[in-house]
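K.L.:
Submitted below is the structure of interest, expressed as structure tokens.
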Amino acid sequence: MKKTLALISVILGAVLVASSQPLPYLEESAFKAGEELHYRLRYGVISAAVGTLTVEDSKIKFSSPHTYHLSARGQTSKAFSVFYTVDNRYNSYIDSRTFLPHYYTENIREGNYRRTDIVRFDHRTRTVQGNKGTFKSESAQTFDLLSAYYFSRNLDLTNVKPGQSFKMTYFLNDEIATLGIEYIGIENVKTPLGTLECLKFSPEITPGRIFKKDSRLYLWVTNDGNRIPVKAQVEILIGSVTLEIADARGLKYPLGQKVKGVSK
């Protein structure tokens, strides 16, 4: 049960992409303050958890002229809470121009397990300060889980080709690591928001405790100005897990509206 619910964080962060060179991104962001996305996580046909992501103008001042406050919360559904309770909260403060993070917090509550992480980023020196000390990054773009998700929505994918892979550098659990993702192509996907043209990706996953040896995680992101992840699906050791968007409010563009940097 706990392993399945941990997939909330894995899937919501599954858009992570990067390379050793700085990744190109759109000058005009895909989101704005006031955006609110709601998701449902299903284990087979059972509703297991819900997730909410929001964007706000930050009330905390950092070195950049303007900062966004990103927040995410993942909770078990009422039915699943009878067996096991998860209530995880994440906050990231990012530069609105480069989408790089200044400050990040995690507040993890899973059953009797508790963990609070506070992370500070210094992109000038390429260092990250976590709970267990200061870490040096080789990349000019290092992200936390949440800022990576929003940065990936702003990648310039104008010339992306099926089969192309990318990697991103991120900091999680006092470790600097990379995660890759393969671009599969364009598909139409039926969602609660309607049938939408989407970019299909396959992020890297590691077989073992949760996933089967041949499991693949697939992610569908709207091929429009908003770049909203609307669906993710993966087979696990017992059954399958699906993440699906339930509602989207405060979007910057009408759903389906193409902008520069969107794949044709």
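The values are calculated or read from the model by the stated rules, or taken from the named source; none is laboratory data. For clarity, every value in this text was computed on a predicted model and none was experimentally measured. Cβ: placed from backbone, ideal geometry, glycine included. Neighbour counts: every protein chain shown.
K.L.:
Under the condition of being within 25 Å of Thr158 (Cα to Cα) and hydroxyl-bearing (Ser, Thr, Tyr), which residue from the range 187-214 is modelled with the lowest pLDDT?
P.N.:
Filtering the range 187-214 for residues that are within 25 Å of Thr158 (Cα to Cα) and hydroxyl-bearing (Ser, Thr, Tyr), the one modelled with the lowest pLDDT comes out as Ser202.
K.L.:
Is there a residue being within 19 Å of the chain's Cα centre (by Cα) and either within 22 Å of Glu244 (Cβ to Cβ) or modelled with pLDDT of 95 or more (or both) anywhere in the range 121-135?
P.N.:
Yes, the conditions are met somewhere in the range 121-135.
K.L.:
Identify the residue in the range 59-84 that is among the polar types (S, T, N, Q) and assigned to a loop (DSSP other than H, G, I, E, B) and, among all such residues, is surrounded by the fewest Cβ atoms within 10 Å (Cβ to Cβ).
P.N.:
Ser63
K.L.:
What are the residues in the range 158-190 that are surrounded by fewer than 19 Cβ atoms within 10 Å (Cβ to Cβ), in a strand (DSSP E or B), within 20 Å of the chain's Cα centre (by Cα) and polar (S, T, N, Q), if any?
P.N.:
Selection gives Ser165, Thr178.
K.L.:
Now, a different point. Got a number for residues in the range 133-152 being closer than 26 Å to Phe201 by Cβ and surrounded by fewer than 20 Cβ atoms within 10 Å (Cβ to Cβ)?
P.N.:
Residues in the range 133-152 being closer than 26 Å to Phe201 by Cβ and surrounded by fewer than 20 Cβ atoms within 10 Å (Cβ to Cβ): 3 in total.
K.L.:
Being touching a helix residue (DSSP H, G or I) at 6+ places or on another chain (Cβ under 8 Å) and of a type in the set (Asp, Glu) is the requirement here; does Glu204 meet it?
P.N.:
The answer is no for Glu204.
K.L.:
Additional query: What number of residues within the range 212-255 are part of a loop (DSSP other than H, G, I, E, B) and over 18 Å from Gly194 (Cβ atoms)? Spell out how you get there, then give the answer.
P.N.:
Step one: filter the range 212-255 for residues part of a loop (DSSP other than H, G, I, E, B), giving 212-217, 223-228, 237-239, 250-255.
Among the residues that remain, those that are also over 18 Å from Gly194 (Cβ atoms) are: 212-217, 237-239.
Adding up the residues that qualify gives 9.
K.L.:
If you don't mind, there's one more thing I want to ask. Which pairs do you get when a residue that is over 24 Å from Thr116 (Cβ atoms), found in the range 129-142, comes within reach of a residue that is part of a strand (DSSP E or B), reach meaning Cβ atoms under 7 angstrom, with the pair 6+ apart or on two chains?
P.N.:
Ser139/Thr169; Gln141/Thr169
K.L.:
Let me ask something else about it. Output the residue which, of all residues in the range 31-58 that are modelled with pLDDT of 95 or more and in a loop (DSSP other than H, G, I, E, B), is surrounded by the fewest Cβ atoms within 10 Å (Cβ to Cβ).
P.N.:
Gly34
K.L.:
Hey, can you tell me all the residues within the range 75-90 that are farther than 16 Å from Tyr104 by Cα and in contact (Cβ under 8 Å) with a residue 12 or more places away in the chain?
P.N.:
Once the filter is applied, which keeps residues that are farther than 16 Å from Tyr104 by Cα and in contact (Cβ under 8 Å) with a residue 12 or more places away in the chain, the range 75-90 yields Gln75, Thr76, Ser77, Ala79, Phe80, Phe83, Tyr84, Thr85, Val86, Asp87.
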